[in-house]
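Comments concern the structure below.
Just so it is clear, none of the values below were taken in a lab; they were calculated from the coordinates. The structure presented is a predicted model; accordingly, all values stated were derived computationally and were not measured. Positions of Cβ are backbone-derived with ideal geometry, glycine not excepted, and every protein chain shown enters the neighbour counts.
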Amino acid sequence: MERAAAAQRRSAVARTWALDRGAVLVASGLPLPIAGTDQFHDFHAHPEFRYLAGIAEPASVLAFDPAEGWALFVAHPTLEDRIWTGEGPDPDRLESLAGLPVQPVERLAAWLEARRGEPLALLGNHDLADRPEGYRLPPLERFEATFDEDLAARLSWQVSEARRAKDPAELDAMRRAAAASRAGHLLALRTARPGLTERDLQVELEAELFRHGADRTAYGTIVGAGANGAILHVAPSRRELRDGDLVLIDAGAEVDGYASDVTRTFPAGPRFEGIQRDLYQLVYAVQRAAIEQARPGVEYRDLHLRACERLAAGLVDLGILRGSPADLVDADAHALFFPHGLGHLLGLATHDAGGCLQGRTPSDRFGLKWLRADLPLQPGYVVTIEPGFYVIPAILDDPVRRQHYRHAVNWDRVETLRGFGGIRIEDDVLVTEGAPEVLTAALPSDIPAIEALRSEAFTP
Ligand code: GLY
């Protein structure tokens with residue numbers, strides 16, 4: 001499946017490029033040293049390379065010219081690599097995944113010499129620095145004079161456009177990633193108890209992701225208990241869960257390079273208490289409505305704004321905001337409690353390529369500037385839908401904002417929410433010709449299901 005998939009992606013992209021001359025290099029990238037140490041960061045192949053080559057080897061280059069088509073150059077392990085990290089993947093396996101013969105990367109220099117003088121577009125990872133330890137690319141700097149940045153920008157943009165709608169092989173990986181994420185979150189929901197730390201939950205959840213097929217976590221796991229839940233990307237700490245806390249966990253598995261991205265929020269005890277229940281129910285209703293509306297042709301920005309309006313209406317009903325929901329959203333008052341966007345495209349990156357149509361730039365409006373996708377949805381796109389409600393001191397304690405929103409916000413009511421933390425509910429949604437398919441639907445998020453899972457943590 002993968003072999004055919006990578007070949008089909010390359011054919012489709014080459015047709016879109018419609019080049020009649022020139023050459024294109026798509027580089028996977030080089031392992032990045034950890035400054036001041038003799039170690040490297042975990043290697044992540046550039047998504048453009050992985051998408052078109054079907055493999056994820058470091059120091060490798062996919063090359064194209066319109067006359068001869070595609071060639072794949074892969075770094076073979078040096079003696080040093082073989083001693084310290086092993087023989088590397090079997091070349092037959094790489095060929096089978098890529099659907100192309102694999103050549104040693106040293107041959108790339110000759111391939112380039114044969115095309116000297118042609119416009120050259122460099123895609124993928126642009127970091128050509130030689131690494132003293134092990135991985136080496138031929139000295140591409142020699143050809144830098146012919147790198148055509150405008151051409152590269154156009155071709156790269158076309159790859160991003162191609163990457164938006166996922167093909168069956170990609171969806172298969174994304175479904176497996178979603179299944180692993182479900183297992184991790186279920187374990188956390190079934191076992192979290194006051195006295196355990198955020199770190200305890202991270203460790204157990206991530207172990208379960210790996211037991212269920214994850215190759216890595218798709219991003220740094222977020223666990224926020226109590227007030228920490230309001231820090232959008234909080235790193236798990238030694239803070240213990242306490243009775244009365246909400247716990248927000250945003251964690252996803254990566255499988256074969258493809259991310260899942262899932263957030264659940266639950267009470268540290270067995271049940272949601274007081275205003276937690278009302279606000280959770282509101283965020284849940286906003287999320288369900290947005291998922292239902294994620295249909296072909298719908299502008300993601302409109303989906304976001306409709307979700308904001310629904311949230312604002314609920315906050316008016318709960319006595320937190322004052323005014324008409326539409327006016328509140330026009331004034332960005334909702335963003336005091338929901339500052340981020342409704343979600344983003346998902347795939348080979350957690351915030352996947354092509355999130356905005358060419359020519360569109362993120363608005364600098366407070367209520368829109370962190371919206372990571374601005375395009376009409378199409379069948380095959382996978383997006384996250386992740387509304388939230390947060391009590392963020394950095395926003396709410398700002399005197400300028402308090403003055404500006406003095407009539408729109410019931411500040412006395414907000415004071416009673418100090419330390420509340422946050423609620424986010426996030427699922428991965430495949431846009432189809434018909435009803436949206438929620439790839440993470442097997443992990444429930446409605447209050448009865450969450451409380452049923454939580455009761456297991458307190459059953460001897
Ligand atoms: N779920 C992590 C992020 O979207 O940044």
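Just for the range 1-110, what percent of DSSP beta bridges are antiparallel, to the closest 5?
Working: 10 of 13 bridges.
So the antiparallel bridges amount to about 75 percent of the total.
For the chain, list the DSSP H helices whose alpha carbon atoms reach 15 Å or more along the long axis and whose average Kyte-Doolittle value is -1.0 or above?
Those that pass (Cα extent of 15 Å or more, hydropathy at least -1.0) are 2-17, 149-164, 168-191, 198-211, 275-292, 300-317, 447-457.
Got a sec to turn the phi values of the range 58-67 into Karplus ³J(HN,Hα) couplings, 6.51 cos²θ - 1.76 cosθ + 1.60 with θ = phi - 60°, whole Hz, x for Gly and Pro?
My calculation for the range 58-67 gives x, 6, 10, 9, 9, 10, 9, 9, x, 7 Hz in order.
Given Cα pairs under 8 Å that are at least 6 residues apart, what percent is the relative contact order of the range 283-421?
Answer for the range 283-421 is 30 percent.
Just subtract the alpha-carbon distance of E106 and A442 from 0.36 nm times their residue separation and send over the number in nm, one decimal.
Values: separation 336, 0.36 × 336 = 120.96 nm, distance 4.73 nm.
In short, 116.2 nm is gained.
Give me Rg/Rg_expected for the chain, where Rg uses Cα atoms only and Rg_expected = 2.2 N^0.38 Å with N residues.
Dividing the Cα Rg of the chain by 2.2 N^0.38 Å gives 1.07.
If a/c stays under 1.5 just call it rounded; otherwise compare a/b with b/c (prolate if a/b is bigger, oblate if not). Do that for the range 138-253, with a ≥ b ≥ c from the square roots of the Cα gyration tensor eigenvalues. Display every interim value, and only then the final one.
Numbers: a/c = 2.96, a/b = 2.13, b/c = 1.39.
Prolate, since a/c reaches 1.5 and a/b exceeds b/c.
Under Stokes-Einstein, with the Kirkwood radius over Cα pairs standing in for Rh, what whole-number D in µm²/s applies to the range 45-118 at 20 °C and 1.002 mPa s?
D = 163 µm²/s.
Name the long-range amide H neighbours of A331: under 5 Å, sequence gap of 5 or more, or other chain; modelled H, no Pro or chain starts.
Answer set, sorted by chain and number: none.
Just check the range 196-352 against the gyration tensor rule for me: Cα atoms, a ≥ b ≥ c as the square roots of the eigenvalues, rounded for a/c under 1.5, and otherwise prolate or oblate depending on whether a/b exceeds b/c. List each step's numbers first, then the result.
Values: a/c = 2.39, a/b = 1.28, b/c = 1.87.
Oblate shape, in that a/c is at least 1.5 and b/c is the bigger or equal ratio.
Could you derive backbone 3J(HN,Hα) for the range 326-337 from the dihedral phi with the Karplus parameters 6.51, -1.76 and 1.60 (θ = phi - 60°), listing whole Hz in sequence and x where the residue is Gly or Pro?
These are the phi-based 3J(HN,Hα) values: 5, 5, 4, 5, 4, 8, 6, 5, 4, 6, 4, 10 Hz.
So how far apart, in nm, are the two label points at Q281 and E456 if each is 7 Å from Cα heading toward Cβ?
Simple spin-label model gives 2.5 nm for this pair.
I need the trypsin sites (Lys or Arg not before Pro) found in the range 325-384, filtered to DSSP loop residues with at most 15 other beta carbons within 10 Å of theirs. Walk me through the intermediate numbers first.
Details: sites: R360, R365, K369, R372; in loops: R360, R365, K369, R372.
Sparse-neighbourhood loop trypsin sites (Lys or Arg not before Pro): R360, R365, K369.
Once you put a point 7 Å from the Cα of E118 and another 7 Å from the Cα of D317, both along the Cβ direction, what distance in nm separates them?
Inter-label distance under the simple model: 6.2 nm.
Using modelled amide H (1.01 Å from N, peptide plane; none on Pro or chain starts), what sits under 5 Å from the amide H of V409, excluding residues fewer than 5 places away?
When sequence neighbours closer than 5 places are left aside, the close amide H contacts are R322.
How far apart, in nm, are two points set 7 Å out from the Cα along the Cα-to-Cβ line at R82 and at D127?
2.8
Is it possible to state the helix-based mean residue ellipticity at 222 nm for the chain, with each DSSP H run of 4+ residues giving -39500 (n - 2.57), the sum divided by total residues, to the nearest 500 deg cm²/dmol? What is it?
Working: 15 runs with 165 residues, N = 460.
Value at 222 nm, helices only: -11000 deg cm²/dmol.
Given the chain, what percent of its DSSP beta bridges are antiparallel, to the nearest 5?
80
Restricting attention to the range 416-457, which trypsin sites (Lys or Arg not before Pro) occupy a DSSP loop and are surrounded by at most 13 other Cβ atoms within 10 Å?
R418
Is the shape of the range 260-339 best called rounded, prolate or oblate, per the rule: a/c under 1.5 gives rounded, else a/b larger than b/c gives prolate, else oblate, with a ≥ b ≥ c the square roots of the Cα gyration tensor eigenvalues? The partial results should precede the final answer.
Details: a/c = 2.30, a/b = 1.18, b/c = 1.94.
Oblate.
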